[in-house]
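The values are calculated or read from the model by the stated rules, or taken from the named source; none is laboratory data. Note that the structure is predicted; figures quoted are calculated from it, not measured. With ideal geometry, Cβ positions are generated from the backbone for all residues, glycine too; neighbour counts draw on all protein chains shown. Remember, those area values only see protein heavy atoms, side chains included, never the ligands or the DNA or RNA. Shrake-Rupley method; radii C 1.70, N 1.55, O 1.52, S 1.80 Å.
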Amino acid sequence: MTNLQSSPSRVSTLAGRSALLLAVTAVVAGCSVTPKPLEKEDVLTRVKEDTARMYVDQTPIGGPISMEEAVARALRYNLDYRLKRMESALAQGLTNYASYDMLPQVLASAGYQDRNNFSGGTSIGLLDGVESTNPTSSDERSRNLRGITFSWNALDFGVSYYRAKQQGDQFLIAEERRRKVVQNLLQDVRAAYWRALGAQRLTAQADEILERAQQALSRSREAETQRVIPPGVALAYQRALLDATSLLNQRRQDLEFAKRELAALMNVPPGVAFTVAEAQEPVLPAAPRDVAKLEEMALLQRPELREEDLRKRITAAEARKQVLGMLPGISFNFGRQYDSNRFLFNNSWSEGGVNIAWNLMRLAALPAMRDAQKYQEQTDEARRMALSMAILTQTRISAERYRMALEDFKLADQASQVDKRLADFTRASVTAKLDSELEAIRTQARSVLGAYQRANAYANAHIAFGRLYNTLGFDPIADDFEGNDLAQLTQRVRDHLQATEKDAFSMSSNLFGRAPGVAVQVTGISDPVQKVRMTALAKDLLARHDIPADDQGGIPLELSFESGDRLGLERAAWTLRVRDTAGAVRQEARFATTIPQNARRSVYESSLVAALNANLGDLKNWFENE
């Protein structure tokens, strides 16, 4: 009997230990935590580490940066894109992790149990009701336990399956957001590059003309003081010159800021100087004609709408998961166990079972769950419809902005040419008079301003084109560029941009391509010199109305001249014919006028211009339908 009972000394020892443990726990729980502010040294260390990591593993800039290299550097080193790439990788990792939740559970366990006394007890007979007064125990005070159990719950498997599908769709959403960042990078780099290039081209001219303008202002003030020129003329000139230089400074600053934006997009370290590589201005594509098909492209390709499609799948999976949660759960388990208890007859054994459990109270929430699912689907649909309408509006506005940007560039180009010719004329005709020299400086300042305005208009046209390209949801490059180095990625971007310029990308030429070219042929003129002049005159007029010349592969356009005498006058007629590749006449128009006999060459040329202008609308329709 004494072996089954604990000694008083051991009981007192355990009681003392318990009291000490409780005291320590109370002291620890009573300790208050004092907030510790950030130390300046810690913040400085973090700043240094972050700054160093921002620009790690970047290829140094070895020369002027081209448009293609700027895009490649943005794709490799831009921090916003790095963040989206990490988010995508995180979503991929969570997707892989969620797949393991569908596996059965295999639980391995091992342990050691000890108590200060035996767990013995007495018993009572069920038949005779006699109580045993001799306490017994079938458990040792100390024993080892080991086991491995396999369990599988059908309900948990179904819920985990739909949860894994939802996480997979979350990964695809992260990919769509990464695509959007890539599209935005191309648009931003395109805009910054052309603006920076325009500023770089005109910096030297602007510096020179600003210096000359300051000298001209000083001389004008001296002339005004000495009454060399009338005060009103001097003040008017000064005001005009100040207006020109003010606008010149404003345009110059607007364009020069673009270089800082380009450096930020490429993640160029502070203090690193670089220049923008010279590039020939590519011919901008013509404005799109079939906007309805562009809208269809945008609805099919925009990452935002593809994200909404994935959210719809997530909502459907969530509904199925909630329905599964209301079904009874069936679980299966099987295991192998071991117990070192020497009082057991079998120290190791296998056990298994099947269990079913059903929370019937959850059925009461079924109507509310169905209503919530219906409202969620309606909300998703309303959000998708609103986004679709916004994308349609963006597409139409982007197409219209691009068309207007092209018109602005044409006007700016023409104005710049006029300003340059006027400056050249004024410089050539300058005399020794002060007012003549001052006027030459003013016209030169206006010429440089016109060049800035042209560069800005050209950059704005590229920006509008990039915005329209982005609005349609086109990817600037395939997604398999992560393993490319900077040189390989630059070449791939160059190939893509060249394909864009040649209309070789996904948008067909009848939607978003250059206007068809024409091969002009003048017949009926015997003088070869005049024939060449008339051909060039016709090409120039058509080009100003978005009908470019293409002598090799353009649509054949024949301009045939006929004449006859009538009452001392010459009856001149021009016939315009559009032929197919086989030479057959597809369209024809005729223009007739009367001119004096033996008229000068310019009169015949004017008759050709009149014939083209009179049928210009028909010509555009013919070529657009080809």
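Details
- When we screen 204, 199, 213 for residues that are within 23 Å of residue 402 (Cβ to Cβ), over 22 Å from the mean Cα position of the chain (by Cα) and assigned to a helix (DSSP H, G or I), the only hit is 199.
- From the list 552, 587, the lone residue that is touching a helix residue (DSSP H, G or I) at 6+ places or on another chain (Cβ under 9 Å) and either open to solvent by 30 Å² or more (accessible area, probe 1.4 Å) or closer than 20 Å to residue 519 by Cβ (or both) is 587.
- The residue pairs whose first member lies in region 396-418 and is among the aromatic types (Phe, Trp, Tyr), whose second member is surrounded by fewer than 18 Cβ atoms within 10 Å (Cβ to Cβ), and whose beta carbons are closer than 8 Å, counting only pairs six or more residues apart or on different chains, are 409/284.
- Just one of the listed residues (254, 188) is among the acidic types (Asp, Glu), in contact (Cβ under 8 Å) with a residue 12 or more places away in the chain, open to solvent by 50 Å² or more (accessible area, probe 1.4 Å) and out of contact with any Phe, Trp or Tyr (no Cβ under 9 Å at 6 or more places or on another chain), namely 188.
- Test: residue in region 350-373 that is in a loop (DSSP other than H, G, I, E, B), without any contact (Cβ under 8 Å) to a residue 60 or more places away in the chain, over 30 Å from residue 321 (Cα atoms) and among the aromatic types (Phe, Trp, Tyr): no
- Among the residues of region 368-410, those that are open to solvent by less than 60 Å² (accessible area, probe 1.4 Å), closer than 24 Å to residue 465 by Cβ and in contact with a Ser or Thr (Cβ under 9 Å, 6 or more places away or on another chain) comprise 391, 395, 398, 399.
- In region 83-115, the residue that is surrounded by the most Cβ atoms within 10 Å (Cβ to Cβ) out of those that are of a type in the set (D, E, K, R) and under 30 Å from residue 165 (Cα atoms) is 84.
- Answer from 125, 129, 111, 93 - the residue that is at positive phi and of a type outside the set (Lys, Arg): 129
- A count restricted to region 129-162 and to residues that are assigned to a helix (DSSP H, G or I) and either touching a Lys or Arg at 6+ places or on another chain (Cβ under 9 Å) or of a type in the set (Val, Ile, Thr) (or both) stands at 4.
- Scan of region 116-151 for residues that are open to solvent by 70 Å² or more (accessible area, probe 1.4 Å), within 21 Å of residue 337 (Cα to Cα) and among the charged types (D, E, K, R), ordered by number: 146
- Residue match in region 264-271 (condition: in contact with a helix residue (DSSP H, G or I) (Cβ under 8 Å, 6 or more places away or on another chain), assigned to a helix (DSSP H, G or I) and of a type outside the set (A, V, I, L, M, F, W, C)): no
- Exclusive hit being at pLDDT 85 or above, within 30 Å of residue 69 (Cα to Cα) and either surrounded by 14 or more Cβ atoms within 10 Å (Cβ to Cβ) or out of contact with any Lys or Arg (no Cβ under 7 Å at 6 or more places or on another chain) (or both), set 287, 277: 277
- Among (1) at pLDDT 80 or above; (2) surrounded by 20 or more Cβ atoms within 10 Å (Cβ to Cβ) - the single one residue 154 does not satisfy: (2)
- Checking residue 356 against (1) open to solvent by 60 Å² or more (accessible area, probe 1.4 Å); (2) under 21 Å from the mean Cα position of the chain (by Cα); (3) β-branched (Val, Ile, Thr), the condition it does not meet: (2)
- Residue check: residue 424 meets all listed conditions (1) free of Cβ contacts under 8 Å to residues at least 12 places away in the same chain; (2) surrounded by 13 or more Cβ atoms within 10 Å (Cβ to Cβ); (3) within 41 Å of the chain's Cα centre (by Cα); (4) more than 30 Å from residue 192 (Cα to Cα) but one, namely (3).
- The sole residue among 189, 181 that is at pLDDT 85 or above, among the β-branched types (Val, Ile, Thr), within 30 Å of residue 83 (Cα to Cα) and assigned to a helix (DSSP H, G or I) is 189.
- Residue in region 566-576 that is in a strand (DSSP E or B), open to solvent by less than 50 Å² (accessible area, probe 1.4 Å) and out of contact with any Gly (no Cβ under 9 Å at 6 or more places or on another chain) present: yes
- Under the condition of being without any contact (Cβ under 8 Å) to a residue 60 or more places away in the chain and surrounded by fewer than 17 Cβ atoms within 10 Å (Cβ to Cβ), the residues counted in region 529-543 number 6.
- Residue 422 being assigned to a helix (DSSP H, G or I), modelled with pLDDT of 80 or more and closer than 30 Å to residue 225 by Cβ: yes
- Region 199-227 residues that are over 25 Å from residue 262 (Cβ atoms), paired with ones that are among the aliphatic types (A, V, I, L, M) and not in a helix (DSSP H, G or I) (beta carbon under 7 Å, 6 or more apart): 223/229
- When 304, 261 are checked against the criterion of being open to solvent by 50 Å² or more (accessible area, probe 1.4 Å), touching a helix residue (DSSP H, G or I) at 6+ places or on another chain (Cβ under 9 Å) and at negative phi, a single residue qualifies: 261.
- Residues of region 240-251 that turn out to be closer than 23 Å to residue 197 by Cβ and free of Cβ contacts under 8 Å to residues at least 60 places away in the same chain, as a count: 2
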